Every structure is written in C-alpha cells, then in structure tokens.
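Asker: Have a look at the structure that comes next, please.
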Amino acid sequence: MFCIQCEETAIKESKKGCQYNRGNCGKTAEVSDLQDYLIAAIGQVSYFAQLLPPNEAISRWCFQALFATLTNVNFDAQRILSYLALARQHIRTLKVAYEKQQGHAVSNSLLEHQLAHSNTADAVLQQAATFRLNKNIIMGANNDKDCWLALRLLTLYGLKGSAAYLEHAAVLQQYNAATAQQFHRIMAACTDPDTNSAAFFSLAIAVGRLNYEAMTLLDTGATRAFGAPTPTAVSLGVCPGKAILVSGHDFHDLALLLQQTVGTGISVYTHGEMLPAHGYPQLKKYPHLVANFGGAWYQQQSEFATFPGPILMTSNCLLNPHKGQYQDRLFTRSSVGWPGVKHLVGDDFSEIIACALHLPGFMAASAAPSVTVGYGHHSLVNLAPKLIEQIRNGHIAHIFVIGGCDGKKSARNYYAEIAKAVPKDSLIITLGCGKYRFYDLDLGHINGVPRLMDSGQCNDAYSVIELASFLVEKLECSLNELPLTIILSWFEQKATAVLLTLLSLGIKRIYIGPTLPAFLTEDVAALLQQRFDLHRIGDVATDLARILHPVAV
Ligand code: SF4
Ligand code: SF3
C-alpha cells in the first residue's frame, strides 16, 4: 500500500506515507490498493464521460465512488470491490457510446484489459498493486519524479474533497452538468501518465475553482432544503429517554431521520460536523433534535462507546468501532463503510429506529452550557453593515478565520491558544470540526457583533468567501487588503480542496497547520509559499505579531 493523503500519515526517516500492512487510520493494505485501483477506474470512466454528453447518473456515481477513497470513509474491501465492478460496467457502456459517436472502434487501455480479466475478487486484488499511486516512485527525496507525484497528489486529493462536496450537493438535488464535466476532465488528466508537472500545477488551481462551484452547489442545496441558517443556541447536555446520534456532514440523512422519528419519543443528537444543523430552520423545527453530543471525530471511540443508542455515520470521519464495542449499533450511509457494520441504503430508517427503541437511552438529564451556531453567509452579510461601521471607526481591527479539521495531535492546541490570544478588538469566524478546540469560549461582543461566530461545516468556507467578497465591495479594497487572516487546520482531503479554493481566489498569507501536507516535496511547498505567501503555523505570539504588524516582523 501507499497512502499519504492525510495529516496522520506515517513519516519515518526519509520514507513518507503509510506503506505497511495497515495505515495509521486502520485502513488495510488490501483496501488501500483496491482504492488506488478504483481511482484509476474512475479516471477511465471520466476519460470517456468528458468526451460524451453529460450523464448525471455516471457523474454522481463517480463522486460517490471517489468519496469512498477519502480518509476515514470506507474500510470495507467488499464495498470497494463492488464499486470496481460497477466501474467496469460504466467503462464498457461509455466506451460503446464513444465508439458509436466516433464511428470506429477504440483499442483497450491497460486498465480496461486488466478489468476485463478480473472476474474474481482474488484476481482484482492481485492486480490492485499495479495501480498504487506511487508506483515506480518513492516519496521522500526531492527529485523531479517526486515533484511530479507531489503535484499529482495535490490535484487528486483536492479533487477527492470536491467529489465529496459534489456528492453532498447531489443528495440535495444540486447537480450542474458543466461542473461535472470539468470534474471528469481533471479526473481523466489525474490518471493520465502523460500529464506533466506544469499541467498538474494548473490543474490543482482548477480543482480549487471546481471546489468553489461544489461548495456553492452545496450551499444552495442546503439553503433551499432547510432554509438559511440563523444564530441558534445548541445545548451540549442530554435529556432522559431513547436516543439516536447522527454524525458526518449529510443534513439530508438527518432530515429523513427527524421526519421518521416524529412521535416515537426518540431524541436525536448531532455529533461532530453535524452540529451546524441546529441553525437551519427546517431542521431545528423538530423539537426532538435536542442537543449536540461529544466533540470532534477523533474522540468518537470513547464518546460513541458511552452513547446509549444507535449511531448513524453519514460521511467522514469514521474510526474503528470495535475499539469501543459499538459496532452492532453503528449504521453507515452513502460512501461510508466498515466490514460487518450495517449499511443503510434508501430512505427507510426503520432499522435504526427499532435499534434505538431496543436500547436503554439516557436515564437522566445532564445540564451543560450551550454554544451558538448559525452564522452562515446570510447571517454574516446581515451583520456586515454593523461590521463595516466598527471596522471604519476602528473598534474592530481584524477578523481571524480559524477553522478546518480537528485531529489527535497536541500541536493542534495552537488553534485554541490563538483563539484565546487574539486581541479584544478582533473577531473570530470558525468552521469545520477544528472549532471543537475553542467553540465554547465566551468572547463577548463588540458593539453588537459577536466576537466568535460559527459559520458551519468545512464546506461553509463558502460563507467566509461570501462575506469577504461583500467586504471587498463595500470597503473598496482587494481581498488581500482586507483586515482578515485565514488560519487553517487541515487533516483530510476536504481541507485540501478548501485550501485550493482559497488559493485559486488569489488569497495570500494563509496560515496552515499543524504540519504542511507530507505529500508536498520541499520544492513544491516552496513554490506554494512563494506564489501564495503560504505560512506554516508556528508560535502563537510570533504569528499574531506577524499577522497584525506585517512590516515590523
Ligand atoms: Fe495513512 Fe492517512 Fe492514508 Fe490512513 S488515510 S492510510 S492514515 S495517509
Ligand atoms: Fe472534520 Fe473529518 Fe475535516 Fe469537515 S469530519 S472537517 S476532519
């Protein structure tokens, strides 16, 4: 196996990437190789798809299949094999259509040849290693081949994040044929061995633009389905009675579950990236959406173990459920999978509801403070006139966007420390699960503008971009002249996609941590630093001084 896509990847001496029997996330070498094979197959589907008229069903399949290769999404070899079997069918169908369009036959690629000769799981597994992402290249040194691989991985991993957002958007009935065709063009180029480093650099920026479209679609879908989020206090306590916990990013699943649990006496709790759901009018209207339970994804093994009801995992990030012995009351959806864990397909949630009714639920209430969510772009832009007035009269000197992913490493305390250390005349907008490190800080207000505002999930970086564009127009300055600094915590490929979007918009001086992605070579990291003035987070005091007094440091 070779996998280097997330922040928890193995780094040993000069050898980078998880390259053993199992990755640090628990993904087996078998699943990793199958996922690389699947990536090659999606590339081939995309190759034909980009040459043919748009086909929504095929595009949506590609988004979901690529989503299954993200960090902490699908650990089930059988499910990846099923995706591969469907890939084989899609390639065949599209190729026939392409040959008909061209009026002549097209010879088989190596991948088509191999897929055609892989009728058993064993045969597929034997071939899977052929498609390892670092085939013939060892990631570690800083030679030309490594730079090529680094740029290819930057593009591919960003595209994976976009595929996830496109899938979330498609679930909410948002699909755009032009965006999908662009996805296929980039995916086909990513798996074409003739794409060179310079082309990959442009493609990485193109992924950023594509991801902006994906986040726009997702925002439109969520707002149309559930209304514009408004500031809402969310309890962090529990109430007595039967309970279901919903984690991941998919509001559509939460909505289905809320509808189907009306009148059952079951309370529904959000977890992780599902917390912002409480701000949406068409979700918070259900009184049995009671509270948020637990923190960020990496704490789930202890938190899920103590939750007295079933858990629905709608998207990333999933960890091994056997560690907390809750595998029998865990249910997965969409691209998510763990071998032996019940996977729900379709809109019927009666099985998880029956499971909740069978389990004890909470015996007693526990009081806890609340946090406020709901500062999506509608609320932020509503606040903007006040914000602009406070910026103009000097009461608000700076806006910090501190967000992204959370993770295990103690170096991530940086994000809580900097949130506590920013001057009192500054605001913090947060998003993603990285907020769990400081979401309950009471930072007060500046003349009616809250100092800590949660704009939502990681994809709600879109809201920050909307606010920034609004401020640019009203303050008559450029994006990089705004008193606004983005401090990003990354863990997985959705964050890579968001970073590429910010870079594609020309946003400079972004701070990123806790480390730079290991798949970047020194040369490629230097290139990004030089082009975009990208900084790695360092010491809180030094970073704050550099951000607030750029000339003096
Ligand atoms: Fe390693 Fe991360 Fe890949 Fe898991 S997803 S195998 S931890 S790089
Ligand atoms: Fe979190 Fe996985 Fe990235 Fe959506 S749930 S931000 S880590």
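The values are calculated or read from the model by the stated rules, or taken from the named source; none is laboratory data. All values derive from a computational prediction rather than experimental measurement. Because the Cβ atoms are built from the backbone with ideal geometry, glycine has one as well, and the counts that use them run over all protein chains shown. These area figures cover heavy atoms from the full protein model, side chains too; ligands, DNA and RNA do not enter into them. Shrake-Rupley method; radii C 1.70, N 1.55, O 1.52, S 1.80 Å.
Asker: When the dipole is taken about the Cα centre of the chain, and only Lys, Arg (+1) and Asp, Glu (-1) are charged at their Cβ, what size is it in debye, to the nearest 20?
Answerer: That gives the chain a dipole magnitude of about 220 debye.
Asker: On full extension of the chain, what length is gained from ARG224 through GLN301, given 0.36 nm per residue of separation minus the C-alpha to C-alpha distance?
Answerer: Length gained, ARG224 through GLN301: 24.3 nm.
Asker: Further question on the same structure: What's the center-to-center distance, using Cα atoms, between region 487-517 and region 139-210 in Å?
Answerer: That distance is 15 Å.
Asker: Looking at the chain, what % of its DSSP beta bridges pair antiparallel, to the nearest 5?
Answerer: Antiparallel: roughly 25 percent of the beta bridges in the chain.
Asker: Moving on. Only residues of region 464-490 count here: report those whose backbone N is under 14 Å from the spot 7 Å along Cα→Cβ of HIS395, or say none.
Answerer: Under cut-off, by backbone N: nothing.
Asker: Assuming a viscosity of 1.567 mPa s and a temperature of 4 °C, what translational diffusion coefficient in µm² per second does Stokes-Einstein assign to region 197-301, Rh being the Kirkwood radius over Cα pairs?
Answerer: 84
Asker: Additional query: Quantify, in whole percent, the carbon and sulfur part of the accessible surface of the chain (1.4 Å probe; protein heavy atoms only).
Answerer: Carbon with sulfur: 52 percent of the solvent-accessible area.
Asker: Additional query: Looking at the chain from every direction and averaging, what is the projected area of its Cα convex hull in nm²?
Answerer: Taking a quarter of the hull surface, the average projection is 24.9 nm².
Asker: What does the accessible area per residue of the chain come to in Å², with a 1.4 Å probe and no ligands, DNA or RNA counted?
Answerer: 37
Asker: How charged is the neighbourhood of ILE244? Take every other residue with its Cβ under 15 Å from the Cβ of ILE244, and add Lys/Arg as +1 and Asp/Glu as -1.
Answerer: -2
Asker: Multiply the residue separation of GLU30 and LYS386 by 0.36 nm, subtract the distance between their alpha-carbon atoms, and state the gained length in nm to one decimal.
Answerer: Residue separation times 0.36 nm, minus the Cα-Cα distance, leaves 122.6 nm.
Asker: Further, regarding this structure: Can you compute the helix-only [θ] at 222 nm over the chain? Use -39500 (n - 2.57) per DSSP H run of at least 4 residues, normalise by all residues, nearest 500 deg cm²/dmol.
Answerer: It comes out at -14500 deg cm²/dmol, rounded to the nearest 500.
Asker: ASN320: net charge of surrounding residues, Cβ under 13 Å, Lys/Arg +1, Asp/Glu -1, itself excluded?
Answerer: Net charge in that neighbourhood comes out at +2.
Asker: Can you compute the charge dipole magnitude of region 1-127 about its Cα centre, using +1 on each Lys and Arg Cβ and -1 on each Asp and Glu Cβ, nothing else charged? Give it in debye, rounded to the nearest 20.
Answerer: Value, rounded to 20: 120 debye.
Asker: Helix by helix through the chain, keep the DSSP H runs that span 30 Å or more along the axis on Cα and average at least 0.5 on Kyte-Doolittle, and give those back in order.
Answerer: Passing helices, by number: 29-51, 197-226.
Asker: Moving to a separate point now. Could you check the simple spin-label distance between GLN327 and ARG509, using points 7 Å along Cα→Cβ, in nm with one decimal?
Answerer: Spacing of the two 7 Å Cα→Cβ label points: 5.1 nm.
Asker: Continuing with this model, one more query. Please list, ordered by chain and number, the residues whose modelled amide H lies under 5 Å from the amide H of ILE486; skip anything fewer than 5 residues away on the same chain.
Answerer: Long-range HN contacts for ILE486: VAL401, TYR511.
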